[in-house]
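What follows is calculated from the coordinates using simple rules that are stated; it is not laboratory data. A quick note: this is a predicted structure, and the numbers were derived from the prediction, not measured. When we count neighbours, we look across all protein chains shown, and the Cβ atoms used for this are built from the backbone with ideal geometry, even at glycine.
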Amino acid sequence: MATPTRPPVAPPLGSSFPSATPPDTFQPSGDQIVVLYVIIAFAVVIFGFWNVPGVRNCINPLKLFTIGWHELCHITAAILSGGRILKITIDPHVGGATIVEGGRPLFILSAGYIGSTLLGALFTLAGWDTLVAKVMSFVLGIGLIMPLALVRDKLTILLTIVYEALLIGFWFIDHGGALRWYCLFVGVMNVLFVIWDVADDRFFHKTNDSDATQFSLLYPSIGPHRAWPLRLRPRTVVLTCTEWAGFWIFFQLGVLAAFSVLGIMVFKVSNADFGA
């Protein structure tokens with residue numbers, strides 16, 4: 001009598017997904033390392049263009065965009081806190097100024113650097129992804145035009161047209177890839193605004209004081225560019241107060257680092273990584 005046998009069993013089928021595993025989330029890829037180097041290079045270039053006489057005129061439209069947004073944050077905070085706007089100045093040479101009556105001074109003054117930092121951080125994310133760059137390019141396109149309502153300088157108006165033309169042209173270069181570097185440049189300019197603001201104030205003595213100086217006037221116990229011991233009462237406690245400029249620079253560098261890590265984590269994995 002024949003022994004019954006069962007049908008042959010096929011070996012387990014392999015997974016339909018590639019065997020490759022996602023890379024380490026916190027480990028930047030080669031392209032992302034390039035972005036980090038470019039951020040550092042842009043910071044050096046912007047510092048030179050912002051402060052060197054003559055050359056600084058070449059980026060007047062971008063300076064107006066950066067200063068204009070900074071002042072808009074002051075204006076918004078003033079209105080929200082019940083203040084009244086008396087005068088607004090937006091100039092690439094003397095800086096920006098918003099004269100306010102009433103409102104909450106600390107809230108209004110802090111809004112400038114915080115607003116510049118957050119907008120710059122969003123533009124910085126564009127350096128990691130083309131789609132983000134395309135979205136932020138609309139913000140930049142509108143933002144470059146708006147300050148012209150307060151500008152009568154013919155060179156600045158001409159340069160604004162040039163920068164708008166570049167913005168449009170970069171949409172068609174490398175499928176919009178060139179927009180990444182344009183927006184990243186603007187992002188670094190905004191996210192590190194306190195450095196350019198304080199440098200203008202301290203080394204070139206611009207007409208409108210930096211917010212660091214304004215903080216020192218609001219809180220005279222702490223200097224704008226230096227620190228000293230502060231005595232608090234009723235108990236005598238000696239504290240080393242961080243200078244206002246240093247505090248805001250540290251804040252902006254921290255935000256820049258945080259958004260760089262966010263860019264590496266969010267925009268690391270692409271379809272190519274998984275063979276899609």
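For region 100-179, what is the relative contact order in percent, using Cα pairs closer than 8 Å and at least 6 residues apart in sequence?
Taking the mean separation of contacting Cα pairs over the length of region 100-179, I get 24 percent.
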Pairs of Cα atoms under 8 Å, at least six residues apart: use those to get the relative contact order of region 30-265, whole percent.
-> 22 percent
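Highest mean first, how do 32-43, 108-119 rank when packing is the count of other Cβ atoms within 10 Å averaged over residues?
Packing proxy ranking, top to bottom: 108-119, 32-43.
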Which FRET efficiency, nearest 0.05, do A149 and I33 yield, Cβ-Cβ r, R0 41 Å?
-> 0.50
To the nearest 0.05, what FRET efficiency results for F172 and V266 with a Förster distance of 22 Å applied to their C-beta separation?
-> 0.25
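What does the charge add up to near T98, with Lys and Arg as +1, Asp and Glu as -1, over the other residues with Cβ less than 13 Å from its Cβ?
-3
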Would you mind putting 250-261, 62-73, 173-184 in packing order, based on average other-beta-carbon counts within 10 Å, highest first?
-> 62-73, 173-184, 250-261
Net charge contributed by nearby residues that have their C-beta within less than 15 Å of V45 (K/R +1, D/E -1) | +2
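What does the net charge come to around K87 if you take all other residues with beta carbon closer than 13 Å to its beta carbon, with K and R at +1 and D and E at -1? Write out the running numbers ahead of the final one.
Details: positive: R84; negative: E71, D91, E101.
Net charge around K87: -2.
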